[in-house]
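Working notes for the structure below.
The values are calculated or read from the model by the stated rules, or taken from the named source; none is laboratory data. Owing to the predicted nature of the structure, the values given are computational and were not obtained by experimental measurement. FYI the Cβ positions are ideal-geometry reconstructions off the backbone, even for glycines, and counts take in every protein chain you see. Please note that ligands, DNA and RNA were not included when accessible areas were found on the heavy atoms of the full protein model with its side chains. Shrake-Rupley method; radii C 1.70, N 1.55, O 1.52, S 1.80 Å.
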Amino acid sequence: MPESAHVDYSTKIPNNVGLQDDQRVLKALEQWHPGYIDWWMTMGPEGFQTSDVYLRTAISIDPKGWAKFDYVKMPEYRWGILLAPRAEDRLVNFGGHKGEKAWQEVPGEYRAMLRRLVVIQGDTEPASVEQQRHLGKTAPSLYDMRNLFQVNVEEGRHLWAMVYLLHKYFGKDGREEAEGLLQRRSGDEDKPRMLGAFNETTPDWLSFFMFTFFTDRDGKMQLESLAQSGFDPLSRTCRFMLTEEAHHMFVGETGVGRVIERTCEAMKQAGIDDPYDIARVRALGVVDLPTLQKKANLHFSLSLDLFGSEVSTNAANFYNSGLKGRFQETRIEDDHALTSATYPVLKLVDGAIKLVEEPALTAINMRLRDDYVKDCQGGVSRWNKVIEKAGIKFELKLPSVTFHRQIGEFKGIHASPEGQLLSDGEWAARKDRWLPSTDDGAFIESLMAPCWEAGRYASWISAPKIGIDSKPGDFEYVKIHRA
Amino acid sequence: MPARIDFQTEPSRYRHWKLKVSGSRADLILDVDENGGLFEGYQLKLNSYDLGVDIELADIVQRLRFEHPQIRVVVLQSGKDRVFCAGANIRMLAGATHAHKVNFCKFTNETRNTIEDASETSGQKYLCAIKGTAAGGGYEMALACDHIILADDGNSTVALPELPLLAVLPGTGGLTRVTDKRKVRRDLADAFCTMEEGVRGSRAVKWRLVDQSVPNSKFEAAITRAVQRLTNATARPAETTGIALTPLERTFEHGAIRYSSLDVDIDRSARRATLTIRGPVTAPPATTGDMQAQGASFWPLRLARELDDAILHLRANEPEIGTLVFKSIGESGRVAGHDAFLDANASHWLAGEIQHYWKRVLKRIDLTSRSLVAMIEPGSCFAGTLAEIAFACDRSFMFDGALKGDNRAPAALTLTASNFGSYPMSNGLSRLATRFIGEPESVETARAVVGTPLDASDCERLGLVTSAFDEIDWDDEVRIFLEERASFSSDGLTGMEANLRFAGPETMETKIFGRLTAWQNWIFQRPNAAGAEGALKRYGTGVKATFDPKRV
């Protein structure tokens, strides 16, 4: 039985893909392993490699019982290859091959395209670990520190997942690409990560929460559409990754939510009603709501860039080839071929922002981005409930998709968060109102003092409602042994 | 579509290129204006180009030689992030007529050759520094340069993705330059040309696709070092000021174009254009200083520019004018005098540039897919450089004797030293050596009569003209020839003429143009590329092309 719900720990690399019977891939992965550990030690969480972290490890892919919690030193985390169970008789569900049997091997004609998809997805996984590597030392609590590390080891595992695909299905080129994933570095001038947002810094915890809410949500959308793939191993890999990715969304949404909650609570205690009375709010040692809005503006706009051009030949090719579908493809009621359908795309036409009907096939990125915006809006609405409950008149809003863009239709223009076109001069004069300024950064930085006592939380963030694995409030999530 | 594609431009009108000149280095930045396409219906995304972009490039390469003779090294880079150049714009190609595509490819090829000619004969070296993707025509532009530096940043690649992506071939000499210039091993070239995503980093160096692969942090320093190396290895006149290539004197009339030394008269019903060249009205200048003072109005340069423009205009804007008849009016002695002046001063930068320019204009004529006919009539001045035009023609007719009551000099043809190597064809031979490929002794016989005006019977005897007719036969013979020519299949003529014009050895240039006209243009017409379900038509829709699997 090569593939099962249970994870085989008899090999050095835990897996449910029968690695013990696949010596070629096992050998390739074992050869890749030291380089990975080396990367983790140099680019992974700084200063906590010897700490015992209360982490969840996957022991099964059964949705009900896949996780096991225990103290683990991160370099000893059992990173493994885990695929969702294989569905018998799964079909290609969209594009020109719709109705054919899903591929268990890479079709030769799509090898380059598939490899590109896997490499781009794979490149984002280690990138975020690199971006977040300094955050441990300013963690606002052991609970948050543990969540950070959980996210980090899981991003590491997602890298493993993509490397497995490269090793198993893409031969020599695949092995070279897998090496490349360990060689690029977030923000490095010479070897940058492939996508822009993954070369930005994550300087503070607020950025981390925003990143996990907005940018990891792009990851979720990408994984959702890759989970639809007619290339079955990719689909199964991504389906399992999504179960882990959900936790990252949780960290982001509750993280920002707890910051909001703490701010509102502090404002009420101090009798401040005006959310724009920034100096007084900041004096309380909490993050003022307008600054949170700016952070959201920044991370939302950077994340939108990850969806690529609104109208994209690559995306159309991926879809038509059956390699990358739409969000919840099989639940959409249409012909899943899109050869004659259109989709409204927001475009810049003669200097005005207009909805234009474009062939649906080339508007796949736009559609996924629209779904992403809806998904983001759900979380933002929940944040607003917290503010509303506190009786403060303030509403967080997603900025217009035209705001602060580097990629796609609106990269050459300036627009306000409301989507109003601005001249260069107007933009320069007003951008500090909408995006975090140096001063805002310095203020957030000033709040970033570590709070490592079990059960205690930094001044600017509330305690969570429930602990991880239902542990009590004073549980020591990380036993820090500093080297 | 513009009413007329104009090949004339000048720096203040550039939309796609920026040129910065500093000392002996020029920086040439490709920053294509997406909305600056020559036609409607496409945007020039990702630094892709159309004919308009290339017209500007050709203008720059030309001006660098005439207006900036002190330049030794030209550094070609992209003005855009993460993309060097995506090559010819696919939507433009998909929407263009076949004739436009062919003309476009021909012109871009001529421009790439001009870059190589600048390096080889004028010592203006080109360095291409690639950051981002250089795909298709983007990489072909790099291939025309002397030295290619590729950023080693994990993203920058060179690629010729035409076959896998579009089911066509690279149209600007890519395949030939990969094997014959870069000398890439044939199996690696095969792998490279079927790899949509291209090759990056050290592999690109190992395969000889580029010369250097350099990390971003060392990129500028590597350019500076390479510039230094190229600068030291080449000689250009220092402290020289160039001449201004002033706008052409040119007026478009109904059925005619008038230049200062050339008339183009179009007879649409006969599908024929007559190009009448006017020889110089003065003797050549006494000194090179005088020549430089005359600048762009110096007759050989002025005529070369006018003729070049006329040929390009006819190619692009007059597709149905199938026959070009060349005539001349003037004094042969003065034409020969200008040849002698240029020859005597060939080491002067400007004289040298003018000769090289004439070489390129004559090649442009060789490569024009129209029937080319020379009419050597009384009062004409087919001497030296102008006689070379007659030798470029598919047929030449000479008037034998004088017309009754005509006081013009009888038709004569005069050879000068220029006919024996100053203007090699793309096969590397002179037109006379190509003409007499089976009788090399005839070249020597002709050399013996340099400077002597040759009448019709001399020319017939020496094999310098196709036929000579006297007053009795001339009108009828000429009329019948032209009418017959116009009755043949235009495609058949194009193929036949291109086959017959280039006897002798293959060079990289002949291969490039030969394969362009044969393979590329054939593939471009086939349903697998251009059919309703072909790759060019389907490109960008996401729908896969359907191929007819039969091998031809």
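A quick yes/no check of all residues on (1) under 15 Å from the mean Cα position of the chain (by Cα); (2) open to solvent by less than 10 Å² (accessible area, probe 1.4 Å):
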{"position": "A:F170", "(1), (2)": "no, yes"}
{"position": "A:L182", "(1), (2)": "no, no"}
{"position": "A:S207", "(1), (2)": "yes, yes"}
{"position": "A:L223", "(1), (2)": "yes, yes"}
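Counting only residues that are open to solvent by 10 Å² or more (accessible area, probe 1.4 Å) and hydroxyl-bearing (S, T, Y), which one in the range A:295-320 is farthest from the chain's Cα centre (by Cα)?
If we take residues in the range A:295-320 being open to solvent by 10 Å² or more (accessible area, probe 1.4 Å) and hydroxyl-bearing (S, T, Y), then A:T313 is farthest from the chain's Cα centre (by Cα).
Could you run through the range A:420-442 and say how many residues are open to solvent by less than 50 Å² (accessible area, probe 1.4 Å), farther than 17 Å from A:S303 by Cα and not in a helix (DSSP H, G or I)?
Qualifying residue count, the range A:420-442: 2.
Can you find, within the range A:290-311, the residue that is nearest to A:K347 (Cα to Cα) among those that are more than 9 Å from every other protein chain (Cβ to nearest Cβ) and small (G, A, S)?
It comes out as A:G308.
Which residues, taken from the range B:206-217, are surrounded by fewer than 22 Cβ atoms within 10 Å (Cβ to Cβ) and either within 13 Å of chain A (Cβ to nearest Cβ) or without any contact (Cβ under 8 Å) to a residue 40 or more places away in the chain (or both)? It would help to see each step written out before you state the result.
First pass over the range B:206-217, keeping only residues surrounded by fewer than 22 Cβ atoms within 10 Å (Cβ to Cβ): B:206-208, B:211-212, B:215-217.
Of everything in the range B:206-217, those that are surrounded by fewer than 22 Cβ atoms within 10 Å (Cβ to Cβ) and either within 13 Å of chain A (Cβ to nearest Cβ) or without any contact (Cβ under 8 Å) to a residue 40 or more places away in the chain (or both) turn out to be B:K206, B:W207, B:R208, B:P215, B:N216, B:S217.
Please work out which residue is farthest from A:L323 (Cα to Cα), limiting yourself to the range A:334-350 and to residues that are open to solvent by 50 Å² or more (accessible area, probe 1.4 Å) and within 12 Å of another protein chain (Cβ to nearest Cβ).
It comes out as A:D350.
Identify, from the list B:R203, B:R225, the residue that is farther than 30 Å from B:Q525 by Cα and within 12 Å of chain A (Cβ to nearest Cβ).
Step by step, each of B:R203, B:R225 is checked, and only B:R203 is farther than 30 Å from B:Q525 by Cα and within 12 Å of chain A (Cβ to nearest Cβ).
Specify the residue that is farthest from A:F231 (Cα to Cα); the eligible residues are those in the range A:86-145 that are open to solvent by 50 Å² or more (accessible area, probe 1.4 Å) and part of a helix (DSSP H, G or I).
By that ranking, first place goes to A:K137.
So, in the range A:168-218, of the ones that are of a type in the set (S, T, Y) and in a helix (DSSP H, G or I), which residue ends up farthest from the other protein chains (Cβ to nearest Cβ)? Write out each step before concluding.
In the first step, residues of the range A:168-218 are kept if they are of a type in the set (S, T, Y); the result is A:169, A:186, A:201-202, A:207, A:212, A:215.
Pick out the ones that are also in a helix (DSSP H, G or I) and you get A:169, A:207, A:212, A:215.
Numbers: A:Y169: 16, A:S207: 24, A:T212: 25, A:T215: 19 Å.
The selected residue is A:T212.
Can you tell me which residues in the range B:288-304 are more than 19 Å from B:K327 (Cβ to Cβ) and of a type outside the set (V, I, T)? Lay out the reasoning, then the answer.
To start, the set of residues in the range B:288-304 that are more than 19 Å from B:K327 (Cβ to Cβ) comprises B:288-298, B:301.
Within the range B:288-304, B:G289, B:D290, B:M291, B:Q292, B:A293, B:Q294, B:G295, B:A296, B:S297, B:F298, B:L301 qualify.
From B:E471, B:E484, grab the single residue that is over 23 Å from the mean Cα position of the chain (by Cα), assigned by TED's automatic domain parsing to the domain that holds B:T385 and at pLDDT below 95. Can you show your working first?
Values: B:E484 fails: at pLDDT below 95.
From the options B:E471, B:E484, the qualifying one is B:E471.
Taking only pairs six or more apart or across chains, which ones have beta-carbon atoms under 7 Å, a first residue in the range A:113-134 that is within 14 Å of chain B (Cβ to nearest Cβ), and a second residue that is aromatic (F, W, Y) and part of a helix (DSSP H, G or I)?
Once the first residue is within 14 Å of chain B (Cβ to nearest Cβ) and sits in the range A:113-134, its partners that are aromatic (F, W, Y) and part of a helix (DSSP H, G or I) give A:M113/A:F318; A:L117/A:F318; A:T124/A:F198; A:P126/A:W39; A:A127/A:F198.
Go through (1) over 20 Å from the mean Cα position of the chain (by Cα); (2) in a helix (DSSP H, G or I) and name the single condition A:F48 misses.
(2)
Can you name the number of the only condition in (1) surrounded by 14 or more Cβ atoms within 10 Å (Cβ to Cβ); (2) not in a helix (DSSP H, G or I) that A:W32 fails?
Checking A:W32 against (1) surrounded by 14 or more Cβ atoms within 10 Å (Cβ to Cβ); (2) not in a helix (DSSP H, G or I), the one that fails is (2).
If you go through the range B:334-346, how many residues are touching a residue at least 60 places away in the same chain (Cβ under 8 Å) and farther than 12 Å from B:S422 by Cα?
The qualifying residues number 2.
Within the group B:V449, B:V465, which residue is more than 25 Å from B:I354 (Cβ to Cβ), of a type outside the set (G, A, S) and touching a Cys at 6+ places or on another chain (Cβ under 9 Å)? Walk me through it before giving the result.
Values: B:V449 fails: touching a Cys at 6+ places or on another chain (Cβ under 9 Å).
None of the others qualify; the one that does is B:V465.
Scan the range A:224-233 and give yes if some residue there is in a loop (DSSP other than H, G, I, E, B), away from every other protein chain (no Cβ under 14 Å) and not aliphatic (A, V, I, L, M), otherwise no. Before you say what the answer is, go through the steps one by one.
Initially, the range A:224-233 is screened for residues in a loop (DSSP other than H, G, I, E, B), giving A:227-230.
Next, only the ones that are away from every other protein chain (no Cβ under 14 Å) stay: A:227-229.
Still in the list and also not aliphatic (A, V, I, L, M): A:228-229.
Yes, because at least one residue in the range A:224-233 is in a loop (DSSP other than H, G, I, E, B), away from every other protein chain (no Cβ under 14 Å) and not aliphatic (A, V, I, L, M).
Looking only at the range B:318-334, which residues are aliphatic (A, V, I, L, M), in a strand (DSSP E or B) and open to solvent by less than 80 Å² (accessible area, probe 1.4 Å)?
At the first step, the residues of the range B:318-334 found to be aliphatic (A, V, I, L, M) are B:321, B:324-325, B:329.
Retained after the next criterion (residues that are in a strand (DSSP E or B)): B:324-325, B:329.
Hits for the range B:318-334 are B:L324, B:V325.
Name every residue in the range B:176-216 that is of a type in the set (A, V, I, L, M, F, W, C) and either in a helix (DSSP H, G or I) or touching a Cys at 6+ places or on another chain (Cβ under 7 Å) (or both), in order of residue number. Outline the logic, then answer.
At the first step, the residues of the range B:176-216 found to be of a type in the set (A, V, I, L, M, F, W, C) are B:178, B:184, B:188-189, B:191-193, B:195, B:199, B:204-205, B:207, B:209-210, B:214.
Of everything in the range B:176-216, those that are of a type in the set (A, V, I, L, M, F, W, C) and either in a helix (DSSP H, G or I) or touching a Cys at 6+ places or on another chain (Cβ under 7 Å) (or both) turn out to be B:V178, B:L188, B:A189, B:A191, B:F192, B:C193, B:A204, B:V205.
Filter the range B:161-180 down to residues that are open to solvent by less than 20 Å² (accessible area, probe 1.4 Å) and within 14 Å of chain A (Cβ to nearest Cβ), then give me how many there are.
3
Name the residues in the range B:79-95 that are in contact with a helix residue (DSSP H, G or I) (Cβ under 6 Å, 6 or more places away or on another chain) and either closer than 28 Å to B:D152 by Cα or not assigned by TED's automatic domain parsing to the domain that holds B:A144 (or both), would you?
Listed by number, the residues that qualify are B:K80, B:V83, B:F84, B:C85, B:A86, B:G87, B:A88.
Working only within the range B:293-317, note down all residues that are open to solvent by 50 Å² or more (accessible area, probe 1.4 Å) and over 27 Å from B:M398 (Cα atoms). Walk me through how you get there before you give the answer.
At the first step, the residues of the range B:293-317 found to be open to solvent by 50 Å² or more (accessible area, probe 1.4 Å) are B:293-294, B:297, B:302.
If the condition is that a residue be open to solvent by 50 Å² or more (accessible area, probe 1.4 Å) and over 27 Å from B:M398 (Cα atoms), then B:A293, B:Q294, B:S297 are the ones that fit.
So, restricting to helices (runs of 4 or more DSSP H) that lie completely within the range B:493-552, which ones have at least 2 residues that are within 14 Å of chain A (Cβ to nearest Cβ) and in contact (Cβ under 8 Å) with a residue 60 or more places away in the chain? It would help to see each step written out before you state the result.
Details: elements: B:508-515, B:521-525, B:527-530, B:535-538.
In the range B:493-552, the matching helices (runs of 4 or more DSSP H) lie at B:535-538.
Which residues, taken from the range B:117-165, are of a type in the set (A, V, I, L, M) and either touching a Pro at 6+ places or on another chain (Cβ under 7 Å) or within 15 Å of B:F192 (Cα to Cα) (or both)?
Initially, the range B:117-165 is screened for residues of a type in the set (A, V, I, L, M), giving B:118, B:127, B:129-130, B:134-135, B:141-144, B:148-151, B:158-160, B:163, B:165.
The answer is B:A134, B:A135, B:L143, B:V158, B:A159, B:L160, B:L163, B:L165.
Is there a residue being assigned to a loop (DSSP other than H, G, I, E, B) and open to solvent by 30 Å² or more (accessible area, probe 1.4 Å) anywhere in the range B:221-236? Lay out the reasoning, then the answer.
The first filter runs over the range B:221-236 and keeps only residues assigned to a loop (DSSP other than H, G, I, E, B), leaving B:234-236.
Still in the list and also open to solvent by 30 Å² or more (accessible area, probe 1.4 Å): B:235.
Yes, there is a match, as at least one residue in the range B:221-236 is assigned to a loop (DSSP other than H, G, I, E, B) and open to solvent by 30 Å² or more (accessible area, probe 1.4 Å).
For the range B:132-153, what are the residues that are more than 16 Å from B:L44 (Cβ to Cβ) and either of a type in the set (V, I, T) or open to solvent by 10 Å² or more (accessible area, probe 1.4 Å) (or both)?
Within the range B:132-153, B:D146, B:H147, B:I148, B:I149, B:D152, B:D153 meet the criteria.
Restricted to the range A:235-281, and to residues that are in contact with a strand residue (DSSP E or B) (Cβ under 9 Å, 6 or more places away or on another chain) and crowded, with 23+ Cβ neighbours inside 10 Å, which residue is modelled with the lowest pLDDT? Step through it out loud before you land on a result.
From the range A:235-281, those in contact with a strand residue (DSSP E or B) (Cβ under 9 Å, 6 or more places away or on another chain) are A:237, A:240, A:243-244, A:247; that's our starting set.
Okay, now just the ones that are also crowded, with 23+ Cβ neighbours inside 10 Å, so A:237, A:240.
Values: A:T237: 94, A:F240: 90.
In this case the residue turns out to be A:F240.
Determine if the range B:144-160 includes at least one residue that is away from every other protein chain (no Cβ under 12 Å), farther than 21 Å from B:V61 by Cβ and part of a loop (DSSP other than H, G, I, E, B). Please lay out each step first, then the result.
Residues of the range B:144-160 away from every other protein chain (no Cβ under 12 Å): B:144-150, B:158, B:160.
Cutting the leftovers down to farther than 21 Å from B:V61 by Cβ gives us B:150, B:158, B:160.
Now restrict to residues that are part of a loop (DSSP other than H, G, I, E, B): B:160.
Yes, the conditions are met somewhere in the range B:144-160.
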